[in-house]
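Q: The structure under discussion is supplied below as C-alpha cells; questions concerning it will follow.
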Amino acid sequence: EVFEDLRRGGVTAANCTCSVWEGFAETMGNIAQWNRWFHEHGDILLKVRTTADIHRAKQAGKTGIVLGFQNSSMLGDDPEMAGIFADVGVRVVQLTYNIANHLGSSCWEPHDGGLTRAGHRMVAALDDAGVLVDISHVGNVTGRDAIDASANPIAVTHGNPASFCPSARNKPDDLIGALAARGGVIGCTLYPLFIGGADVPRSAYCRMLADLAEQIGVDHVAIGTDAVVGW
C-alpha cells in the first residue's frame, strides 16, 4: 500500500533507509527483502543505482528507490565495506545516527570532536564507491569536516535550517552555505520536532523552502520528509 501511495502521489524517486543499527548480516537481509519487493512490485518500483535510473523511472511511470543507511555501524572500521555495499545497490550512507561512533560525532553530543581519522578514510572510500555521504544526524563540526573532506558533493537528506527551528538536528546557515558551495543538497524535513511542532502550518514550511532556495539556489534544496516507507 505504501508503494502504491507513492505511485499515486507521482513520486519519481525516494531515498529509503534499509539499515540503521544492524550489523552486516542483518543489513544484507534487509537489502534482500528490498530486492524481493523490487521483484514483486516491478510494475511500480525501480531500484536506483544511477541518476539515469531516476529518469528511467520517470519515463516508465514508476517510483525509483534509492537505498540508504542512516548509520555506519554495518560498515565497521573497514573502508572496503563501502564498495561492497555499493555493489548491492546502496547509494546513501549517513556517517552517524543519534550517538557518536568511530567516524565522528552526532548532533546530540555535548562535544563534537569532528571527523575522526577513520571517518576521513571512510569518506574517501564512499567517494570512490560513488556513494553519497549524508550528514543529517551528524554534529556540525563533524558535518563541516565531511563537506571539506569529500571529493564529491554531500547531502543533508532530512533536516532544516536552524534559523527556521532551533533544534540540534537542524543545520546552521554557515554549514548549509558550505554544503551548497560544494554542490550539495539539503532535503527539508516535515518531522514535527524539527519544524517547530505538529501545529506549524504548511505555509510556514513552504515559506522556509522558498527562502532557502533564494539563499542557496533551488538546485540545492529538496524535500526530505523523514516519513516511514516500506517498513
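The values are calculated or read from the model by the stated rules, or taken from the named source; none is laboratory data. Since the structure is predicted, the reported quantities are computational estimates derived from the model, not experimental observations. In this analysis, Cβ positions are derived from the backbone assuming ideal geometry, glycine residues included, and neighbour counts consider all displayed protein chains. These accessible areas exclude ligands, DNA and RNA; they are computed on the full protein's heavy atoms, side chains included. Shrake-Rupley method; radii C 1.70, N 1.55, O 1.52, S 1.80 Å.
Q: Could you check the range 114-131 and list, in sequence order, the residues that are without any contact (Cβ under 8 Å) to a residue 40 or more places away in the chain and open to solvent by 10 Å² or more (accessible area, probe 1.4 Å)? Before you say what the answer is, go through the steps one by one.
A: Step one: filter the range 114-131 for residues without any contact (Cβ under 8 Å) to a residue 40 or more places away in the chain, giving 114-117, 119-120, 123, 127.
Correct list: LEU115, THR116, ARG117, HIS120, ASP127.
Q: Condition check: touching a Lys or Arg at 6+ places or on another chain (Cβ under 9 Å), among the small types (Gly, Ala, Ser), modelled with pLDDT of 95 or more and under 28 Å from ASN140 (Cα atoms). Does GLY114 satisfy that?
A: Values: touching a Lys or Arg at 6+ places or on another chain (Cβ under 9 Å): yes; among the small types (Gly, Ala, Ser): yes; modelled with pLDDT of 95 or more: yes; under 28 Å from ASN140 (Cα atoms): yes.
Yes.
Q: Being within 30 Å of ALA118 (Cα to Cα), crowded, with 16+ Cβ neighbours inside 10 Å, of a type in the set (Gly, Ala, Ser) and at pLDDT 95 or above narrows it down to one residue among GLY183, GLY159; which is it?
A: Checking each option against the conditions leaves just GLY159.
Q: Anything in the range 132-153 that is open to solvent by 10 Å² or more (accessible area, probe 1.4 Å) and in contact with a helix residue (DSSP H, G or I) (Cβ under 9 Å, 6 or more places away or on another chain)? List them, or say none. Please lay out each step first, then the result.
A: Of the residues in the range 132-153, the ones open to solvent by 10 Å² or more (accessible area, probe 1.4 Å) are 132, 137, 140-141, 144-145, 148-149, 151-153.
Passing the criteria: LEU132, ASN140, ARG144, ASP145, ASP148, ALA149, ALA151, ASN152, PRO153.
Q: Of all residues in the range 162-174, which are within 15 Å of ARG144 (Cβ to Cβ) and either surrounded by 22 or more Cβ atoms within 10 Å (Cβ to Cβ) or of a type in the set (Phe, Trp, Tyr) (or both)?
A: ASN170, LYS171, listed by residue number.
Q: Among (1) surrounded by 14 or more Cβ atoms within 10 Å (Cβ to Cβ); (2) at pLDDT 95 or above, there is one condition PHE3 misses while meeting the rest; what is its number?
A: Every listed condition holds for PHE3 apart from (2).
Q: ALA210: surrounded by fewer than 16 Cβ atoms within 10 Å (Cβ to Cβ) and touching a Cys at 6+ places or on another chain (Cβ under 9 Å), yes or no? Explain how you work it out, then say what you get.
A: Numbers: surrounded by fewer than 16 Cβ atoms within 10 Å (Cβ to Cβ): yes; touching a Cys at 6+ places or on another chain (Cβ under 9 Å): no.
Answer is no for this residue.
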